[in-house]
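Below: one structure, written as structure tokens.
Coordinate-derived values only; no laboratory data. For clarity, every value in this text was computed on a predicted model and none was experimentally measured. As a convention, Cβ positions derive from the backbone with ideal geometry for all residues, glycine included, and neighbour counts pool all protein chains shown.
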Amino acid sequence: MKIAFMGTPDFAVASLNVLLEEGLNVVCVVTQPDRPQGRKKVLTPTPVKAAALEHGLPVLQPQRMRSPEAVAQLAAYEPDLIVTAAYGQILPKAVLELPRLGCVNIHGSLLPKYRGGAPIQRSIINGETVTGITLMYMAEGLDTGDMISRLEVPITDEDTSGTLFAKMSEAGAVLLRQELPRLLQGPLEAEAQDDEQATYAPNLTRDDEKIDWSKNSRAIYNQIRGLVPFAGGFTLWNDEVFKVWKTLHPDPSASLPAGAADAVPGTVVDIGAEGITVRTGDGVITLTEVQPAGKKALRAADFVRGTSLTKGTVFQ
């Protein structure tokens with residue numbers, strides 16, 4: 001039995017490890033090309049590539065999986081089953097038809113909700129309390145394939161995208177291990193998705209990071225959690241980017257600081273030991289970790305010492 005694995009970020013490593021721990025014959029690993037990382041733009045392998053090389057597995061890194069050369073390179077390994085997890089490219093029909101047991105994907109949502117590239121982040125941003133993993137057969141559309149099984153994962157108020165990615169990675173590995181015996185005897189009968197119930201989770205853009213202070217405090221709190229640790233939210237202060245990495249959980253029953261009721265959204269209405277309190281569309285939210293332009297992230301209470309940010313400052 002020959003298995004090809006396709007994945008890129010940390011999320012996918014646990015699933016690759018399951019295949020290896022089960023003693024299966026992983027004939028190759030396909031991942032995205034190395035990318036520059038950090039301020040020094042050091043060319044860095046993907047987490048999946050690093051894991052594959054540790055086990056001495058052949059690694060393919062095509063720029064475009066749709067290219068005839070990339071398809072031919074994968075076909076040469078004659079995979080019986082292809083397992084994917086957050087690979088990052090849509091597979092062409094030529095790849096989907098390669099393995100006799102099909103191509104299965106470990107998707108980070110309870111399909112048909114949150115099809116697309118950022119289901120984990122957007123589930124937090126949208127205030128969901130439950131998400132999950134869907135093991136599915138792949139089709140030519142965007143996460144439209146038939147569903148084999150699903151596993152729910154709760155989202156707590158303290159979760160960020162970072163903590164939820166870790167939970168979902170483990171859940172994906174659990175579900176894959178559970179279903180492997182059936183997959184290896186497949187193809188299996190699977191449940192078609194209800195397209196009318198589908199929602200989408202496109203990759204995040206710079207616009208998703210911009211804080212709209214006129215929104216309610218809970219929405220802003222969820223936005224920051226959904227962006228951390230990959231980006232953080234931002235506003236403008238003195239015409240420069242001012243990033244927000246963490247806030248207190250908003251308390252809708254708390255009384256407003258003096259003068260806050262008449263302040264426009266985005267106004268700093270209090271500065272204290274806990275951080276910088278800002279007027280929102282329905283109340284206030286306290287920023288506890290921030291990052292001014294050109295500086296490192298730090299506690300908001302430490303940042304305000306010796307700066308010109310005062311009560312009455314309005315974030316743009």
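A few notes on this one:
- Sorted largest first, the spans of the alpha carbon positions of the chain along the three principal axes are 69, 43, 31 Å.
- Unit charges at the beta carbon, dipole of the range 18-175: most positive-side option, M136, I155, P62: P62
- Within the range 82-124, backbone nitrogen closer than 19 Å to the virtual label 7 Å beyond the Cα of E191 toward Cβ: 104-116
- Helix-only mean residue ellipticity at 222 nm for the chain, each DSSP H run of n ≥ 4 adding -39500 (n - 2.57), per residue, nearest 500: -7000 deg cm²/dmol
- Net length gained if the chain between E22 and R39 were fully extended (0.36 nm per residue, minus Cα distance): 2.2 nm
- The per residue volume of the convex hull around the alpha-carbon atoms of the range 24-114 is 128 Å³.
- Cβ-placed point charges (K, R +1; D, E -1), dipole of the chain about Cα centre in debye, nearest 20: 1100 debye
- For the set K93/K113; K2/K40; K113/K296; K93/K215; K93/K210, the pairs lying more than 31 angstrom apart at their alpha carbons are K2/K40; K113/K296; K93/K215; K93/K210.
- Paramagnetic label reach from N216 (point 7 Å along Cα→Cβ; backbone nitrogen cut-off under 17 Å): within the range 233-260, residues 249-256.
- Förster radius 30 Å - calculated FRET efficiency between V130 and A254, Cβ distance, rounded to 0.05: 0.65
- Converting phi to 3J(HN,Hα) with the Karplus coefficients 6.51, -1.76 and 1.60 and the offset θ = phi - 60°, the range 192-206 yields 5, 6, 8, 4, 5, 9, 6, 10, 10, 10, x, 4, 6, 10, 4 Hz in sequence order, with x at every glycine or proline.
- Fully extending the segment from R206 to D239 would add 10.2 nm, taking 0.36 nm per residue of separation and subtracting the current Cα-Cα distance.
- Within the chain, longest stretch free of exposed trypsin sites (Lys or Arg not before Pro) [DSSP loop, at most 13 other beta carbons within 10 Å]: 101-294
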